[in-house]
Amino acid sequence: MVNQQWIDSLTTARGVKERGATGAGAAPTPTMAPSPSQVIAGLKATSGGENLIQVLNPEGEFTPHPDYPLDVSAEDFPALLKGLYRDMVLVRRFDREGNALQRQGQLSIWVPLLGQEAAQIGAGRALEPQDMAFPSYREHGVAWCKGIDPTELLPIFRGTEHCGWDPVATNFAGYCIVIGNQVINATGYAMGQRLDGAVGPSETSHRPSEATIAFFGDGATSQGDVHEAMVFAAAYDAPVVFYCQNNQWAISEPVERQSRIPLFNRAAGYGFPGVRVDGNDVLACLAVTRWAMDECRSGNGPVMIEAFTYRMDAHTTSDDPTRYRQADEAQAWKLLDPIERVRVHLARNGLADAAFFDQIEAEADELAVRFRAFCIGLTTPAPDRMFSHVYSEPHHQLDTQQAEFRSYLDGFEDETAVHA
Amino acid sequence: MNATGSAAVGAAGVAVVGMSNGHVSSNGHASAPPTTLAKALNMGLRASMENDPKVLVMGEDVGKLGGVFRVTDGLQKDFGEHRVLDTPLAESGIIGAAVGLAMRGYRPVTEIQFDGFVFPGFDQIISQLAKMTFRTQGRVKMPVVVRIPYGGGIGAVEHHAEAPESFFCHIAGLRVVTCSNAADAYFMIQEAISCDDPVVFFEPKRRYWEKAPLDVGAVVGSTFSSAIRRTGTDVTVVSYGPSMPVLQAAADAAAAEGRSLELIDLRTLSPLDLDPVLESVRKTGRLVVVSEAPRESSITGDIAARVMEEAFYSLAAPVLRVAGMDTPYPPSKLEEYYLPDLDKVLDAVDRVLAY
């Protein structure tokens, strides 16, 4: 039997509105010590607890949240929701195509985002062009919102490049494979935004205020770099949103292996607000992330968001989740699907007709075809790529090695024979 | 501070004898005022900060205290807390934040307080700092300096006397350099800061307080090159950083016995600048390589291999190495046995000559 009162006490550590009034806030004191199994039971729930911010429930019912307004008129609301629906459907479509391409031997690996479309599109659409984002390696939906063409994700997974886009031009850093590394890099970038005077109102500059968002998972919260990032961000008031997608699983390890308490409550220990949002509710993710980015842009950062969601597919195409989790768990989460609730709301309220849904499906299919064709057409770079951009400035030792290798290759009659 | 090296610093310590790779190897202007290595670094940092507002200094205790070795003394007072950042005690955080700041257009100069404390930051150095430019096809540059006081001979406790430079030399994307005297310190730190690549900058901590002439107006070429410190005809002796004064003392002692040593200060450990070494070995036929770092899988081994590959027929004897032991750095009362010293270098010189 779960001690619900204790579980609730954890999820109500401090609401965001307490900020300033209570300072960092103290961790709640349990009135009765729960057993480990009780804690596990509480955290395993598909419900994110009473503090979960949700505006579009799994049944497709919309209830605006007073603290996290969407800032959209009734007139513009249908277009907003249809746009988010389109984003999610298209992203899911090329994500499924990525899985298929791996199975067919066209990609060495794919990292599926299935189930996390709302968490990523909601956050991604909350970003302004001047905002910087630091992804892990699953943020295909955020990349989409940042204007990265899905085909630009393919070189990493086909093994032709380590990064397929321009991080500077897009304000979207390269994928970070080492768990948690990018979170402290994001904090450093945000420290730079503050040093530049790009945060808060400026009397001397007309450029818009900026903030940074760092994406990471529940597993990464155990990494020292995430801790150090939060310490640095707090110390320097860095305008960074720590956006944790708690998808319940770090490969085979459940979230309770990472934390005894709900992850968003960790923010209190660092002295900044933490919010848990329904990560399968795209409108809630949008509203909460917009609020958090605005807080940071206006100088009130940092902020932590825990998007409570679920990794509906494997960790990667190399993973086999049947070894460590039950199928009924995924079935339970299917009822909370991030796209279906939007479709229901649009259809039930007459905001979109069949032609709209058909059109999105057709667009998704076109994208998948283009994605596939681009993937298959991706060619292996010349071996000289190994030597380029290792350094920004001339490096005689590497130049010599490259010349030796070039000479070695030239010794073959058919050069393609050595690196085919 | 040190039994073997201190006597050799000063006038002899920066005896300058010419060019390598077309670069002026150092300066030794007679009227240049004697300056400690630590002060020269401070002056170099100051010059870089004055020249470029994007240069930041960040690390533990670098601000108000001026660093535990006072290398950053006065910088926060003069440039402000927004340019000289006392950071939380987290090396991964220091390097990781510097990576983000560099992406933002800054040129962070990070300080790791002691050699043995760099390892919490090792992941960020290896995984992000060194690879970012390659990963992004040159779109993101990483003009970050990682300053590390290194080496033994100061009677310190564990983790305060290590020579970890080989780890960094093994990593593509990093440049690794080290200074051995005040004049080099002043110019090399500025060259490191102006470099668009990440530079791991090793500072010989037991030489911080040794003085040498520093002419800040000297015209120098790239200091990321090997420098010939003394010409000789019998044996080439190569080292860098804290062991250079040991080499000078050894060369003085050898000269008294009628043996002429040619001394080369590598200054750049990655990439190595081996042309002056090869040229010297072709003349002397004998090579001794000296380093405080453990001998196994080290820079000294790499130099021996490269010389064997490229100057095999010039060698009259095997290349010998004088290095730290393949042990953890010992308790300080034993460090005189561990470190390369005058006798060890002369012993190696005797052996290559006797071969």
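So, restricting to helices (runs of 4 or more DSSP H) that lie completely within the range B:234-324, which ones have at least 2 residues that are of a type outside the set (Gly, Ala, Ser) and either closer than 21 Å to residue B:210 by Cα or free of Cβ contacts under 8 Å to residues at least 24 places away in the same chain (or both)?
Details: elements: B:244-256, B:275-284, B:299-310.
Qualifying helices (runs of 4 or more DSSP H): B:244-256, B:299-310.
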Residue count for the range B:55-85, restricted to those that are buried (at least 18 other Cβ atoms within 10 Å of the Cβ), of a type outside the set (A, V, I, L, M, F, W, C), within 14 Å of chain A (Cβ to nearest Cβ) and farther than 22 Å from residue B:161 by Cβ: 2
Here the residues within the range A:382-393 that are at negative phi, within 10 Å of chain B (Cβ to nearest Cβ) and of a type outside the set (Asp, Glu) are A:385, A:386, A:387, A:388, A:390, A:391, A:392
Residue within the range B:164-172 that is within 14 Å of chain A (Cβ to nearest Cβ), closer than 25 Å to residue B:39 by Cβ and in contact (Cβ under 8 Å) with a residue 40 or more places away in the chain present: no
For the list (1) assigned to a loop (DSSP other than H, G, I, E, B); (2) touching a strand residue (DSSP E or B) at 6+ places or on another chain (Cβ under 6 Å); (3) buried (at least 21 other Cβ atoms within 10 Å of the Cβ), I need the number of the one condition that residue B:329 fails. (2)
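Can you spot a residue in the range A:214-229 that is at the interface with chain B (Cβ under 10 Å from one of its Cβ atoms), β-branched (Val, Ile, Thr), part of a helix (DSSP H, G or I) and in contact (Cβ under 8 Å) with a residue 40 or more places away in the chain?
Within the range A:214-229, not a single residue is at the interface with chain B (Cβ under 10 Å from one of its Cβ atoms), β-branched (Val, Ile, Thr), part of a helix (DSSP H, G or I) and in contact (Cβ under 8 Å) with a residue 40 or more places away in the chain.
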Quick one: how many residues across the range B:195-244 are among the small types (Gly, Ala, Ser) and farther than 30 Å from residue B:126 by Cβ? 5
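Within the range B:86-104, which residues are closer than 17 Å to residue B:192 by Cβ and more than 7 Å from chain A (Cβ to nearest Cβ)?
Initial filter on the range B:86-104 (closer than 17 Å to residue B:192 by Cβ): B:94-95, B:98-99, B:101-102.
Listed by number, the residues that qualify are B:94, B:95, B:102.
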Residue count, the range A:154-206 (criterion: surrounded by fewer than 24 Cβ atoms within 10 Å (Cβ to Cβ), in a helix (DSSP H, G or I), at the interface with another protein chain (Cβ under 7 Å from one of its Cβ atoms) and of a type in the set (Val, Ile, Thr)): 1
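Residue by residue, here is whether (1) surrounded by fewer than 19 Cβ atoms within 10 Å (Cβ to Cβ); (2) at pLDDT 95 or above; (3) of a type in the set (Val, Ile, Thr) holds:
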| residue | (1), (2), (3) |
| --- | --- |
| A:35 | yes, no, no |
| A:40 | yes, no, yes |
| A:78 | yes, yes, no |
| A:83 | yes, yes, no |
| A:94 | no, yes, no |
| A:103 | yes, yes, no |
| A:106 | yes, yes, no |
| A:121 | no, yes, yes |
| A:131 | no, yes, no |
Would you mind telling me which numbered condition in (1) touching a residue at least 40 places away in the same chain (Cβ under 8 Å); (2) facing chain A (nearest Cβ under 8 Å); (3) of a type in the set (Gly, Ala, Ser) residue B:155 fails? (2)
Sole miss for residue B:165 among (1) crowded, with 24+ Cβ neighbours inside 10 Å; (2) over 25 Å from residue B:292 (Cβ atoms) is condition (2)
Among (1) loosely packed, with under 15 Cβ neighbours inside 10 Å; (2) at pLDDT 95 or above; (3) part of a helix (DSSP H, G or I), the one test that residue A:417 misses: (2)
Screening B:25, B:31 for residues that are surrounded by fewer than 17 Cβ atoms within 10 Å (Cβ to Cβ), at pLDDT below 95, more than 30 Å from residue A:189 (Cβ to Cβ) and more than 14 Å from chain A (Cβ to nearest Cβ) leaves only B:31
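So how many residues does the range B:105-145 have that are assigned to a loop (DSSP other than H, G, I, E, B), of a type in the set (Phe, Trp, Tyr) and more than 9 Å from chain A (Cβ to nearest Cβ)?
Taking the range B:105-145 as the starting set, the residues that turn out to be assigned to a loop (DSSP other than H, G, I, E, B) are B:105-106, B:112-114, B:118, B:130-131, B:136-144.
Filter again for of a type in the set (Phe, Trp, Tyr), leaving B:106, B:114.
In the following step, the residues that additionally are more than 9 Å from chain A (Cβ to nearest Cβ) were identified as B:114.
Matching residues across the range B:105-145 total 1.
Against the definition (in contact with a strand residue (DSSP E or B) (Cβ under 6 Å, 6 or more places away or on another chain) and either within 14 Å of another protein chain (Cβ to nearest Cβ) or within 30 Å of residue A:82 (Cα to Cα) (or both)), how does residue A:263 come out, yes or no? Explain how you work it out, then say what you get.
Working: in contact with a strand residue (DSSP E or B) (Cβ under 6 Å, 6 or more places away or on another chain): yes; either within 14 Å of another protein chain (Cβ to nearest Cβ) or within 30 Å of residue A:82 (Cα to Cα) (or both): no.
So residue A:263 fails the test.
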Collect the residues in the range B:130-189 that are closer than 30 Å to residue A:152 by Cβ and hydrophobic (A, V, I, L, M, F, W, C), keeping them in residue-number order. B:130, B:132, B:134, B:140, B:142, B:144, B:171, B:172, B:174
Would a scan of the range A:333-346 turn up a residue that is surrounded by 15 or more Cβ atoms within 10 Å (Cβ to Cβ), farther than 25 Å from residue A:308 by Cβ and either small (Gly, Ala, Ser) or touching a residue at least 60 places away in the same chain (Cβ under 8 Å) (or both)? no
Step by step: first the residues of the range B:195-218, then only those that are under 17 Å from residue B:112 (Cα atoms) and part of a loop (DSSP other than H, G, I, E, B), then the one that is farthest from the other protein chains (Cβ to nearest Cβ). Which residue is that? B:208
Contact list, first residue from the range B:67-78 and at pLDDT 95 or above, second anywhere and hydroxyl-bearing (Ser, Thr, Tyr), beta-carbon distance below 9 Å, six or more apart or interchain, is B:69/B:208; B:70/B:208; B:71/B:208
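Could you run through the range B:151-194 and say how many residues are within 24 Å of residue B:217 (Cα to Cα) and part of a loop (DSSP other than H, G, I, E, B)? Quick ask: steps written out before the conclusion?
Kept after step one, since they are within 24 Å of residue B:217 (Cα to Cα), are these residues of the range B:151-194: B:177-194.
In the following step, the residues that additionally are part of a loop (DSSP other than H, G, I, E, B) were identified as B:179-181.
Count: 3.
The values are calculated or read from the model by the stated rules, or taken from the named source; none is laboratory data. What you see is a predicted model, and the numbers here were worked out from it, not measured in a lab. Cβ atoms come from the backbone with ideal geometry, glycine included; neighbour counts cover every protein chain shown.
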